[in-house]
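Comments concern the structure below.
The values are calculated or read from the model by the stated rules, or taken from the named source; none is laboratory data. This structure is a prediction, so every number in the text was calculated from the model and none was measured. For neighbour counting, all protein chains shown are included, and Cβ atoms are generated from backbone atoms with ideal geometry for every residue, glycine included.
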Amino acid sequence: MGFSDKGNVDLESVIARQPDLMIAQLRARPALMESGVIDKLSALHVPVLFVDYEIAPAKDTAPSIDLLGKVLNRESQAKAFTDYYRQQLQSIRQKTATITPKANVFVEALAGNSDACCFTHGHSGWGGLVEAGRANNIGSQLLPGASGFVSLEKIISMKPDAWIMTGSKRGNSQVLPLGYAVKPEAVKAQAQTLLARPGVSQIPAVQEKRAYGVYRHFYNHPWNIVGMEYLAKDIYPQAFGDLNPDETYHYIVRHFTDLPDQPFVFSWQQSE
């Protein structure tokens, strides 16, 4: 119906459907307020509920699902999921609490989507997921905002311990094609192409075979706990050798949804 983070909402279409409630991502709140959408809906007695899986993912995801469960009259289902979510997150945080020094991590978000390198996230998005696992997100140190480009030279100078590329299968063949109905061979081939870009071989993590790939869409989704588990294994492999994010995903799909449990490839590692 014409929604965007810039506050562009086709209000006529929304009003015509006579909603009892509108649910929006928290990141869109400033734009929706500035454009007057919230005031107009308020005048029509349509409340707006904001949820967040991206700005502060580790802090806000479970409370957001609990809130959705309450307003949608599905509290027991929401609680079942958030109990599991909190259990998995607590397990990660307990194991990483005593690890020193903290790893320095760079996440190249949607690697290969642009000719320029390197796009990344600050404290939100992938940065928030890295920090939830008690690692240092290099993007948080270099960006003034939520996301942006950082020079390869600057990244090399900061000597990341792990280089993580996110991607998903899409029309752009340059992106790491992680996701559903994907062949591992195709992911590996594109990963090698991305690592062969000028200058990437000079990154300390790449030289030490500490480059990884993770499915892009975990960065803004209630299932971001699966993304956090992949990150934990990549960033602190010795501490999380027994962790199986694939099984966590299967468990979520089978126990908390009616979705088909389709084959997938959500991760890649350079040492494979």
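Can you say whether Asp66 is assigned to a helix (DSSP H, G or I) and within 24 Å of Phe256 (Cβ to Cβ), as far as the supplied structure shows? Break it down stepwise before answering.
On the way: assigned to a helix (DSSP H, G or I): yes; within 24 Å of Phe256 (Cβ to Cβ): yes.
Answer is yes for this residue.
The set of residues in region 106-165 that are among the charged types (D, E, K, R) and outside any strand (DSSP E or B) comprises Asp115, Glu131, Arg134, Glu153, Lys154, Lys159, Asp161. Would region 160-167 turn up any residue that is in the same structural domain as Pro263 (by TED's automatic domain parsing) and surrounded by fewer than 16 Cβ atoms within 10 Å (Cβ to Cβ)? No, region 160-167 contains no residue that is in the same structural domain as Pro263 (by TED's automatic domain parsing) and surrounded by fewer than 16 Cβ atoms within 10 Å (Cβ to Cβ).
Scan region 19-27 and tell me whether some residue there is at pLDDT 85 or above, crowded, with 17+ Cβ neighbours inside 10 Å, of a type in the set (D, E, K, R) and not in a strand (DSSP E or B). Yes, there is a match, as at least one residue in region 19-27 is at pLDDT 85 or above, crowded, with 17+ Cβ neighbours inside 10 Å, of a type in the set (D, E, K, R) and not in a strand (DSSP E or B). The set of residues from region 229-272 being hydroxyl-bearing (Ser, Thr, Tyr) and either assigned to a helix (DSSP H, G or I) or under 24 Å from Lys188 (Cα atoms) (or both) comprises Tyr230, Tyr236, Thr248, Tyr249, Tyr251, Ser267, Ser271. Any residue that is in contact with a strand residue (DSSP E or B) (Cβ under 7 Å, 6 or more places away or on another chain) and closer than 30 Å to Asn136 by Cβ - is there at least one of those in region 31-39? The answer is no; no qualifying residue exists.
Exactly one residue out of Val206, Val214, Val226, Val187 is surrounded by 15 or more Cβ atoms within 10 Å (Cβ to Cβ), β-branched (Val, Ile, Thr) and not in a helix (DSSP H, G or I), and it is Val214. Taken over region 83-108, residues that are within 24 Å of Thr193 (Cα to Cα) and either among the hydrophobic types (A, V, I, L, M, F, W, C) or not assigned by TED's automatic domain parsing to the domain that holds Asn137 (or both) amount to 3. Consider Lys40 carefully, then state whether it is in a helix (DSSP H, G or I) and at pLDDT 90 or above. For Lys40, the condition - in a helix (DSSP H, G or I) and at pLDDT 90 or above - is not met.
If you go through region 109-121 one residue at a time, do you hit one that is closer than 17 Å to Gln269 by Cα, over 13 Å from the mean Cα position of the chain (by Cα) and assigned by TED's automatic domain parsing to the domain that holds Lys233? Please lay out each step first, then the result.
So the first thing to find is which residues in region 109-121 are closer than 17 Å to Gln269 by Cα, and the list is 109-112.
When the remaining residues are screened for being over 13 Å from the mean Cα position of the chain (by Cα), the result is 111-112.
This time we only want the ones that are assigned by TED's automatic domain parsing to the domain that holds Lys233, so: 111-112.
Yes, some residue in region 109-121 is closer than 17 Å to Gln269 by Cα, over 13 Å from the mean Cα position of the chain (by Cα) and assigned by TED's automatic domain parsing to the domain that holds Lys233.
Closer than 18 Å to Ala62 by Cα and charged (D, E, K, R): is that true of Glu208 in this structure? It would help to see each step written out before you state the result.
Details: closer than 18 Å to Ala62 by Cα: no; charged (D, E, K, R): yes.
No, not satisfied.
Among residues of region 51-64 that are surrounded by 17 or more Cβ atoms within 10 Å (Cβ to Cβ), those with a Cβ under 8 angstrom from a residue that is among the charged types (D, E, K, R) and not in a loop (DSSP other than H, G, I, E, B), sequence gap 6+ or separate chain, pair up as Val51/Asp60; Asp52/Arg27; Asp52/Asp60; Tyr53/Asp60; Glu54/Arg27; Ile55/Arg27; Ala58/Glu131; Ala62/Arg86. Scanning region 124-142 for residues that are under 18 Å from Lys154 (Cα atoms) and in contact with a helix residue (DSSP H, G or I) (Cβ under 6 Å, 6 or more places away or on another chain) yields Gly127, Asn137, Gly139, Ser140. Among the candidates Phe119, Phe81, Phe106, the residue that is crowded, with 18+ Cβ neighbours inside 10 Å, aromatic (Phe, Trp, Tyr) and without any contact (Cβ under 8 Å) to a residue 60 or more places away in the chain is uniquely Phe119. Note on region 67-81: residues that are in contact with a Gly (Cβ under 9 Å, 6 or more places away or on another chain) and closer than 22 Å to Met22 by Cα total 5.
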